[in-house]
Amino acid sequence: MFGFFSNKVNKIEEKLSILATEIASIQKNIIIYPNENNYKNLHITKTKELNSLYNELEEKKGKAYLDEFIRKLSNKYKESEYVLSKTEQKILDKILIEYKVKVKIKA
């Protein structure tokens, strides 16, 4: 039973690592192609999936474990090709906020 539990946690962690990389890549594409809504929609979908997996990992291993895992992912991101400058992060935030407002207004 314990092995199954450990294997499930490992699979969640693996999915989270992959998703984090995908989201980082999507974020770069949003900055490069700010008028392309497909990237924005994909970002929203992948972020929801990421948060769901974070919740699942926290449920299985606890808040402290989740925080440590997120710290490791963050450090990995900071060393990746997808890391955003502060200016790029501000641009991304602005684009995503404006897009989310437009989506809500249309709904």
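Table for the structure above
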quantity: Given charges at Cβ of Lys, Arg, Asp, Glu: the chain dipole, positive-most of HIS43, SER6, ALA20; calculated: HIS43
quantity: Between 0 and 90°, nearest 10: helix 2-32 axis offset from the chain longest Cα axis; calculated: 10
quantity: Full-stretch length increase - VAL83, LYS106 - with 0.36 nm per residue and alpha-carbon distance subtracted; calculated: 5.1 nm
quantity: Within segment 28-107: Cβ-based charge dipole about Cα centre, in debye rounded to nearest 20 (Lys, Arg +1; Asp, Glu -1); calculated: 240
quantity: Cβ charges +1 (Lys, Arg) and -1 (Asp, Glu), total dipole of segment 8-70, debye; calculated: 100
quantity: FRET E, pair LYS90, GLU13, Förster distance 35 Å, beta-carbon r, rounded to 0.05; calculated: 0.70
quantity: Protein accessible area in the chain, 1.4 Å probe - carbon and sulfur %; calculated: 55
quantity: Per-bin percent of Cα-Cα distances, the chain [10 Å]; calculated: 14, 40, 30, 14, 3
quantity: Surface per residue (accessible, 1.4 Å probe) for the chain, Å²; calculated: 71
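The values are calculated or read from the model by the stated rules, or taken from the named source; none is laboratory data. The structure displayed is predicted, hence computed values, not measured ones. For neighbour counting, all protein chains shown are included, and Cβ atoms are generated from backbone atoms with ideal geometry for every residue, glycine included. Only protein heavy atoms, including side chains, enter the accessible area calculation; ligands, DNA and RNA are left aside. Shrake-Rupley method; radii C 1.70, N 1.55, O 1.52, S 1.80 Å.
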